[in-house]
Amino acid sequence: MNVGDRHYRTIWLSDDGRSVEIIDQRWLPHDFRVEKVGTVAGIATAIRDMWVRGAPLIGVTAAYGVAMQMAKDASDAALDGAWEILHETRPTAINLRWALDEMRGFLRPLPSGQRAEAAYRRAGEIADEDVGLNRAIGVNGLEIIKEIAARKRPGEPVNILTHCNAGWLATVDYGTATAPIYLATEAGIPVHVYVDETRPRNQGAQLTAWEMAGHGVPHTLIVDNAGGHLMQRGQIDMVIVGTDRTTADGDVCNKIGTYLKALAAADNDVPFYVALPSPTIDWTVGDGLAEIPIEQRSSDEVSLVWGKTASGEIAQVRISPETTPAANPAFDVTPARLVTGLITERGVARASRDGLKAMFPGR
Ligand code: MRU
């Protein structure tokens, strides 16, 4: 997507052919910074400390991390070591394991002398594939927006609520939940997006709002607790969120707070859609609540908040007493029964084992 008048992906290979450049998301929306990362340890830090984030982008970044390790040491032990170091960075997003398994499975049969070049090539393909998957999600989700728009008065916008950032910053390009929104905007269908701030890290306020502003999508920032109230008043036509892992039974694990939005949507007959590329489906897991590991992040993310001061400094402030402990589960699980549909690259699936099997036969 564009930043100003220049097109960016969130990650790209550097001119040296060995490092990657990434948009460092920690500084947005106040500062647009690009970082160069050239080692597997650097990639692990960038993922763990959320310079890059969002399930699909984490996977692609990790794939490049494996390639960097192969350029240094292409032995089987180094391949396994890179898999381990990168896998432990973020436990919930399944695209990470998917990309690491994909890289290892592809590289293992090759002679070590061929692994580095092949690894960079495959990582680049995974990045390109992500863009294609998201665009296809956009095309499929656009049909739903069109149906809702057709029931509205001419010119009246389709009001969409989204949580966290499942935008182009969470992927290589387009985003998952945002892809239908961007395509609707391109098609001239009026949409308006309610952006949940998404505590504790405020990915909605900092990232989704920045994306929407950058692409001229009308949007309004709301506190996390406002969604239910807006739904009761008929101000939300649909919810679209992303996901970090969706189970074979259709349970959806996503940023903490998603479940509450799904409950409010069900109580108010607001359709609740989840947009996802197939690498986000964990076919080995059925019951999301019982089986998905939930990342527990630092309590500092709850007690301290980043922002820009009146003097223009990007700074952190404490919002709770020094001695008050804070808990920070980063994700929750929305049961399949609360999900209206899963918008995938192949079409909109029912959130159930049968629905996913019908969309992805053979899995
Ligand atoms: O912890 P993050 O910022 O990496 O989490 C990302 C999310 O949870 C997003 O909500 C998104 O829906 C999943 S990635 C498309």
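Looking only at the range 208-255, which residues are of a type in the set (Ser, Thr, Tyr) and either more than 19 Å from the chain's Cα centre (by Cα) or in a loop (DSSP other than H, G, I, E, B) (or both)?
Within the range 208-255, the first condition is being of a type in the set (Ser, Thr, Tyr), and the residues that meet it are 208, 220, 243, 246-247.
Of everything in the range 208-255, those that are of a type in the set (Ser, Thr, Tyr) and either more than 19 Å from the chain's Cα centre (by Cα) or in a loop (DSSP other than H, G, I, E, B) (or both) turn out to be Thr220, Thr243.
May I ask you to list the residues in the range 144-167 that are without any contact (Cβ under 8 Å) to a residue 60 or more places away in the chain and either of a type in the set (A, V, I, L, M, F, W, C) or assigned to a helix (DSSP H, G or I) (or both)?
Lys146, Glu147, Ala149, Ala150
In a helix (DSSP H, G or I) and at negative phi: does that describe Val317? Don't jump to the end; show me each part of the working.
Details: in a helix (DSSP H, G or I): no; at negative phi: yes.
For Val317, the condition - in a helix (DSSP H, G or I) and at negative phi - is not met.
Taking the conditions exactly as written (within 15 Å of the ligand (Cβ to nearest atom) and either in contact (Cβ under 8 Å) with a residue 40 or more places away in the chain or over 13 Å from the mean Cα position of the chain (by Cα) (or both)), does Ile181 satisfy them or not? Working first, answer last.
Numbers: within 15 Å of the ligand (Cβ to nearest atom): yes; either in contact (Cβ under 8 Å) with a residue 40 or more places away in the chain or over 13 Å from the mean Cα position of the chain (by Cα) (or both): yes.
Against the criterion (within 15 Å of the ligand (Cβ to nearest atom) and either in contact (Cβ under 8 Å) with a residue 40 or more places away in the chain or over 13 Å from the mean Cα position of the chain (by Cα) (or both)), Ile181 qualifies.
Of all residues in the range 155-171 being farther than 20 Å from Leu342 by Cα and in contact with a helix residue (DSSP H, G or I) (Cβ under 9 Å, 6 or more places away or on another chain), which is farthest from the ligand (Cβ to nearest atom)? Walk me through it before giving the result.
To start, the set of residues in the range 155-171 that are farther than 20 Å from Leu342 by Cα comprises 155-157, 169.
Now narrow it down to the ones that are in contact with a helix residue (DSSP H, G or I) (Cβ under 9 Å, 6 or more places away or on another chain): 156-157, 169.
Numbers: Glu156: 27, Pro157: 22, Leu169: 9 Å.
Ranking the candidates gives Glu156 first.
Considering only residues that are more than 16 Å from the ligand (Cβ to nearest atom) and free of Cβ contacts under 8 Å to residues at least 60 places away in the same chain, which ones fall in the range 276-298? Walk me through it before giving the result.
Here is the first cut: in the range 276-298, the residues more than 16 Å from the ligand (Cβ to nearest atom) are 283-287, 289-291.
Within the range 276-298, Thr284, Val285, Asp287, Leu289, Ala290, Glu291 qualify.
Among Leu342, Leu260, which is open to solvent by less than 50 Å² (accessible area, probe 1.4 Å) and among the aliphatic types (A, V, I, L, M)? Working first, answer last.
On the way: Leu260 fails: open to solvent by less than 50 Å² (accessible area, probe 1.4 Å).
Of the residues listed, the single one that is open to solvent by less than 50 Å² (accessible area, probe 1.4 Å) and among the aliphatic types (A, V, I, L, M) is Leu342.
If we scan the range 102-113, do we find a residue that is acidic (Asp, Glu) and not assigned by TED's automatic domain parsing to the domain that holds Ala63? Reasoning before the result, please.
Going through the range 102-113, the residues acidic (Asp, Glu) turn out to be 102.
Filter once more, keeping what is not assigned by TED's automatic domain parsing to the domain that holds Ala63: none.
No.
Looking only at residues in the range 84-117 that are among the small types (Gly, Ala, Ser) and more than 16 Å from the ligand (Cβ to nearest atom), which one is farthest from Asp73 (Cα to Cα)? Let's see the steps before the verdict.
Step one: of the range 84-117, the residues among the small types (Gly, Ala, Ser) are 93, 99, 105, 112-113, 116.
Now restrict to residues that are more than 16 Å from the ligand (Cβ to nearest atom): 105, 112-113, 116.
Values: Gly105: 17, Ser112: 9, Gly113: 10, Ala116: 9 Å.
Here the answer is Gly105.
The values are calculated or read from the model by the stated rules, or taken from the named source; none is laboratory data. Just so we're clear, the structure is a prediction, and the values are computed from it rather than from any experiment. Heads up, the Cβs are rebuilt from the backbone with ideal geometry, glycines too, and the neighbour counts pull from every protein chain shown. Please note that ligands, DNA and RNA were not included when accessible areas were found on the heavy atoms of the full protein model with its side chains. Shrake-Rupley method; radii C 1.70, N 1.55, O 1.52, S 1.80 Å.
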